[in-house]
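Below is one structure, written out as structure tokens; comments come after it.
The values are calculated or read from the model by the stated rules, or taken from the named source; none is laboratory data. Keep in mind that this is a model prediction, so the values were computed, not measured. Here the Cβ is made from the backbone with ideal geometry for all residues, glycine too, and neighbour counts use every protein chain on show. Heavy atoms of the whole protein, side chains included, go into the accessibility calculation; ligands, DNA and RNA do not. Shrake-Rupley method; radii C 1.70, N 1.55, O 1.52, S 1.80 Å.
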Protein chains: 2
Amino acid sequence: MQAQDMLETVCKTVLEKITPKPEERRKIEDLARRLEKSVTEAAERFGVKATVRLEGSVAKDTWLSGEPDIDIFMRLPRSIPRSTLGEVALKIARKATEGAQQVERFAEHPYLEAFVEGVRVNIVPCYETKPGEWLSATDRTPYHTDYVKKRLKPRMRDEVRLLKKFMKGVGVYGAEIKVGGFSGYLCELLIIHYGSFLNVLKAFAQHEQRTVIDIENHYKGRKDELPLLFNEPLVIIDPVDMGRNVASAVQSQKLYTFVAAARAFLENPSLKFFYPPETKPLTIKNLNETLRNRGSALVFIVFGMVEAVPDVLWGQLYKSQRSLAKLLETNDFTMLRCAAWSNEENLNVLLFELESRHLPHVKKHLGPPLEKIVDCERFLAKHATNPETVSGPYIEDGRWVVEVKRKYTDAVSLLNEKLKDGGRSTGVAKDIAKTLSKGFKIYVNEEIAEIYSRNSEFAKFLTDFLHGKPKWLENAVKTG
Amino acid sequence: MQAQDMLETVCKTVLEKITPKPEERRKIEDLARRLEKSVTEAAERFGVKATVRLEGSVAKDTWLSGEPDIDIFMRLPRSIPRSTLGEVALKIARKATEGAQQVERFAEHPYLEAFVEGVRVNIVPCYETKPGEWLSATDRTPYHTDYVKKRLKPRMRDEVRLLKKFMKGVGVYGAEIKVGGFSGYLCELLIIHYGSFLNVLKAFAQHEQRTVIDIENHYKGRKDELPLLFNEPLVIIDPVDMGRNVASAVQSQKLYTFVAAARAFLENPSLKFFYPPETKPLTIKNLNETLRNRGSALVFIVFGMVEAVPDVLWGQLYKSQRSLAKLLETNDFTMLRCAAWSNEENLNVLLFELESRHLPHVKKHLGPPLEKIVDCERFLAKHATNPETVSGPYIEDGRWVVEVKRKYTDAVSLLNEKLKDGGRSTGVAKDIAKTLSKGFKIYVNEEIAEIYSRNSEFAKFLTDFLHGKPKWLENAVKTG
């Protein structure tokens, strides 16, 4: 089959699965209307003047069959102070979904996640504001809904669905910190701009350095200013707020993954991009064999519950991961990769794969060039009679050099020492430092079997990590 | 004592030792005259028209007591072809020093080194040429002698002697390839230019980036051209040949060592700079302890006789050392230092001190950035299904990356494999490759005791190497 035919066949097959059927659509839309009503009534009951409206993908009809998320927004008067906004909203939301399973969530302010008739419902407060007078980030949402409903032609809704499903499949969908990917609204804007799923892929397959999109031409005649105003590699000016880049939270890793996946898909279309195969964890025997074979050192820092909502938790995990990676690299350990994993409850893991757990004892320490006379004097005064000096000072390539003992030659000792008080001084994030200071455990290579064998989600994560290659890359590459 | 007084005292003490006493001077000058005569007679006997004359430090009265070198030059007619110049000269020289110990040497062409009445005598051929019409490098020598005799005031001869002795003491004297330092003529020019030993030191203590000296003002009004014509950090235009940098063979390592030693001496004058203490080799027990303590890997490549005169041998040793250092570094071994040693007879050693003999098995291999679409396709085609790929390809910092097995994880295996045919393809110099192809042995750390215990000169070399610090640096540094 030709690639073009194959593309069409794949997209058609996917669309059939992801477009809500009339019955499912009726059920969800009916539930949404009932929820609008019960939130409105609950607000009234508490004497709060609220404009309640369905927002999000169900309102815009860009949701995926089997994965509906009903977003009910309460637009509240600006007279309610920010400090009590969440409290007021939660009270109303709890009342409106009485009897359902409820979880308090937190983005910019608290909101309620409830499971009603098996469907995830988010009841979110925001302020009733005019464009440009935003008081909180969610104030824009109703305007986003209006904009998309106005601009997205009916046939383009399926294109949005395809794009979302593709992005989910290749792991770049979701604006939450854990993912750092593309939001639903961003997908809709991309379809509005490029017209179709395939056009989006074709455009991103060609992405170089920067892509800047200004659908509403807010910067007409001032395009040159854009690179100064926004420095992200992907800039999509928000049609309802010219000062905002809708893609500002897209991590470059996710952007590049999307670019590479788009290329691979256009080259070699397959359902795999939308429906990646489930990871089968390695058996313990295979795990140990794999670890032995690679000969590197996987160092796992394992710790318990962190008191933080998911977005905060993941932000802190990534920050701590970066800080500790830097600590290890500053101490000359060669990093292959690092990663973070969490069940968002009682088990958190920071993983650093090093070329080697141990380093040689001696290292070269470069001093100043001979030209810097005063620096040289200082360097010689410090090192010429220092017992830490193994050789030298001697001159090499026009500068003074000494060989000194390394302070840390074992990555595990380094981490144990730096983390014993939580590791704040090395850049570990606050709530994680709090947990670490109460205790943590470091595992190296096959020692992790203890955790691996007890937790299948972690086992999948580690299996994928060891494999390294994106699933969509399997057989997707011409090796001619 | 004030530093200034100390400087004077040290210089005076040294001068007393190195200025030839009348008796020694008489003896050497008498011997030189007799040698001039016998070389002249030998030339006549063979029917060769030669202008024979004493050159070098004895002619210029800049030689050091106890270390005279008598250079007798034969200026031969330009009608003698270069190919037979050496042969003719050797024949005459052998006849002229009949009965003395004789060694054939080679610089640009062969010359004879003879030991006559306990004094080293060099009998060197050159062409009788006018300035600018040089046929061989040694043709300039008589002009150098004339120039220095004319320009060097009597009191400045002692200054030359001090400078030479200082340079010998800190290991930067000698234009031969082994040293790559300052020639006697260069010392004389420096004194002519700066006026005194201390002025030379003061000037070089301030050396930054480049020092350019044009005593005869050959480039008057064209000084700007000098940096384009000569790119060495030290440029001393030859008074008798404006196209030549007398310092072109001074290795930057030697220049910088001189700069650093000059500073240290001016700061803290001491006889040690002129008379460095003899190295006392470590005992085998101390050697082993030192090696164990540093924990690095000293890898010695030991081989026998190389068929080459010293200048060629050292040139090849250094070239081979550089090539093999590059080979090791290209294969990810971290070099601390390297060095070459030779007894110029049957024992040669290339020494590489590595942080570690062994490397981890896996390493990261960075592929092209996502922007380079064709390169990415090629990279993925090569690595996605390659059995050498341990993890990935995955995307990191906007580029494809794979983790692969290292080809060599043991420096000794790498060297053994690359050198088994002599190592020409890795850049080992020709005559050394010839020797290596017949056999060599690699020793690591304490294994070298086998050689160390049998050869005291090598033992001194290795002791100094491990110490690293120049002898003049001991106690020469203010550690306040």
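Among residues of chain B, the one whose Cβ lies closest to the rotation axis carrying chain B onto chain A, together with that distance rounded to whole Å, is B:S356, 4. The alpha carbon convex hull volume per residue for chain A rounds to 222 Å³. Considering segment A:308-394 at the alpha-carbon level, its Rg and Dmax are found to be 19.9, 57 Å.
Peptide A:464-473 is shielded by partner chain Cβ atoms: per residue, an average of 4 of them sit within 10 Å of its Cβ. Helix B:284-294 and the longest principal axis of the Cα set of chain B meet at an angle near 50°. Among the GluC sites (Glu not before Pro) found in segment A:312-402, those both in a DSSP coil and sparsely packed, with 13 or fewer other Cβ atoms within 10 Å of their Cβ, are A:E345, A:E388. Extension gain, B:T279 to B:E41: 0.36 nm times the residue separation minus the Cα-Cα distance gives 81.1 nm. Normalised by 2.2 N^0.38 Å, where N is the number of residues, the alpha-carbon radius of gyration of segment A:191-317 equals 1.48. The gain in end-to-end length when the B:L366 to B:V444 segment is fully stretched comes to 24.9 nm, 0.36 nm per residue minus the alpha carbon separation. The packing ranking, built from the mean of other Cβ atoms within 10 Å per residue, places the peptides A:437-445, A:277-285, B:36-44 in the order B:36-44, A:437-445, A:277-285, highest first.
Gain on full extension, evaluated as 0.36 nm per residue between A:V103 and A:R454 minus their Cα-Cα distance, stands at 123.7 nm.
Simple spin-label estimate for B:D69 and B:K21 gives 2.5 nm between the two label positions (7 Å along the Cα-to-Cβ direction from each Cα).
Would you mind checking segment B:349-386 for residues with the amide N under 12 Å from a putative spin-label position 7 Å along Cα→C-beta of B:N288? Once the point is set 7 Å along Cα→Cβ of B:N288, nothing inside segment B:349-386 turns out to lie under 12 Å by backbone N.
Of the cross-linked pairs A:K21/A:K164; B:K168/B:K319; A:K326/B:K372, which ones have a Cα-Cα span greater than 26 Å in the structure shown? Over 26 Å Cα-Cα: A:K326/B:K372. For the pair A:R33 and A:R424, a Förster radius of 56 Å applied to the C-beta separation gives a FRET efficiency near 0.65, rounded to the nearest 0.05.
The angle separating the long axis of helix B:310-330 from the principal Cα axis of greatest extent in chain B is about 20 degrees. Between identical copies, the spacing of B:E87 label points, each set 7 Å from Cα toward the C-beta atom, reads 11.1 nm from nearest to farthest. Comment: the Cα-to-Cβ extended label point of B:M335, at 7 Å, lies 2.8 nm from its counterparts in the other copies, nearest first. A simple charge model with +1 on the Cβ of Lys and Arg, -1 on the Cβ of Asp and Glu and nothing else charged puts the dipole of the protein assembly as shown at about 180 debye relative to its Cα centre.
Magnitude of the charge dipole for segment A:212-286, about its Cα centre and with charges confined to Cβ atoms of Lys, Arg (+1) and Asp, Glu (-1), is about 460 debye. Of all aspartates and glutamates in the structure, the ones whose alpha carbon falls short of 17 Å from that of A:K420, not counting any fewer than 8 places away in one chain, are A:D410, A:D431. Measuring only protein heavy atoms, the 1.4 Å probe finds B:S456 accessible over about 80 Å².
Using the Cβ-Cβ distance between B:D410 and A:L271 with R0 = 60 Å, the FRET efficiency computed as 1/(1 + (r/R0)^6) comes to roughly 0.80. Just list whichever of A:K165/A:K471; A:K469/B:K364; A:K130/A:K223 have alpha carbons separated by over 22 Å in the model shown. Those over the limit are A:K130/A:K223. Protein heavy-atom accessible surface, 1.4 Å probe, per residue over the protein assembly as shown: 45 Å². Mean sequence separation of contacting Cα pairs (under 8 Å, at least six apart), scaled by the length of chain B, corresponds to a relative contact order of 12 percent. When +1 charges are put on Lys and Arg Cβ atoms and -1 charges on Asp and Glu Cβ atoms, the dipole computed for segment A:238-377 relative to its Cα centre reaches about 520 debye. Over the C-alpha atoms of segment A:1-114, the Rg to Rh ratio, Rh being the Kirkwood estimate, stands at 1.14. Just so you know, the Cα atoms of segment B:351-415 work out to an Rg and Dmax of 14.6, 44 Å.
Across the copies of the chain, A:V312 has label points (7 Å from Cα along Cα→Cβ) spaced 7.9 nm apart, shortest distance listed first.
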